[in-house]
Amino acid sequence: MRVVWQLLAVVAVAFIGQQGVAAADGNPWLTLIVGGLTAVLAAVAYRWVVRRTEDRPVTELAGPGAGAALGRGMLIGVVLFGLVIANIALLGDYEVRGWGTFPGAAGLVGFMAAAAVTEELLFRGILFRFVEKWTGTWLALVLTGLLFGLTHLFNEHASLWGAIAIAIEAGGLLTAAYVATRKLWLPIGLHFGWNFAAAGIFGTEVSGNGTPQGLLDAVTSGPSIITGGDFGPEGSLYSVLFCVLASAGFLWLADRRGRLVPRRRADRTDDVTTLAR
């Protein structure tokens, strides 16, 4: 029941936030405010419900070092997506036609902050954390990554390949960042930095969502395997490549720090023995 109550708490805040963004009706400044409040309230709700249901300090959202971890994550996310765009541009498949709008970019800050916080709390803070206890790190990473990718099939311009790419990229990278630190701040910052770079800076589509224009008015053209097509550059092989490399780096760090959790074979054997008795 603990996982159910935790999921309900975060989903409720996310749903209310989505309704608030919809009510803003494209007003970027209201979207900034509503999105920011949603991110804060989701974190508060998560801390409260985890304390109540697990009776422990919520170390994954510990305050000391949070700002630095968020900053590092945002920087990594922007750099990774910048590498993707740079490679697409080198092939002549990314073109900047001019400036977009600053208010549009500001609205995307709120929108992406709400998405990054609520999705990381749900998928890394709750689902991965509980599944890892039962299956170990590797299987939990695969299972929750696949689920994360599948949820993107409901987006406006979704594709099966796009969902698979998201499962590999975000499902792997963001989970690896959490495992390496055992904190949610780095994956939240990374998630936000990647998404904001995609829409808010480089003016491209994010996960087939039909995102509004950011700082740049840009277009992609060429083979969808390179540009991601209507799904956006997250469907590009470049995104898969760079995120897999970054994921490997975080998992190597997690292994060095002794933070990979093995499968609970012994526990299951003990449970079977106990039941037999």
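Read-outs throughout are calculated quantities, based only on the coordinates presented, and are distinct from any laboratory measurement. Every value quoted in this text rests on a predicted model; they were computed, and no experiment measured them. All Cβ positions, glycine included, derive from the backbone under ideal geometry; neighbour counts span all protein chains shown.
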Filter result for the condition that a residue is out of contact with any strand residue (DSSP E or B) (no Cβ under 7 Å at 6 or more places or on another chain) and under 16 Å from G82 (Cβ atoms), over S236, S159, S247:
S236
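Given the criteria under 19 Å from the mean Cα position of the chain (by Cα) and not basic (K, R), does A66 qualify? It would help to see each step written out before you state the result.
Working: under 19 Å from the mean Cα position of the chain (by Cα): yes; not basic (K, R): yes.
So A66 passes the test.
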Candidates G145, G82, G77, G125 - the one that is in contact with an Asp or Glu (Cβ under 7 Å, 6 or more places away or on another chain) and under 20 Å from H191 (Cα atoms)
G125
For the range 15-131, which helices (runs of 4 or more DSSP H) that fit wholly inside it have 2 or more residues that are acidic (D, E) and touching a residue at least 40 places away in the same chain (Cβ under 8 Å)?
102-120
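Working only within the range 142-194, note down all residues that are of a type in the set (D, E, K, R), assigned to a helix (DSSP H, G or I) and surrounded by fewer than 21 Cβ atoms within 10 Å (Cβ to Cβ).
Of the range 142-194, the ones of a type in the set (D, E, K, R) are 156, 169, 182-183.
Then drop every residue that is not assigned to a helix (DSSP H, G or I), which leaves 169.
Result: no residue meets the conditions.
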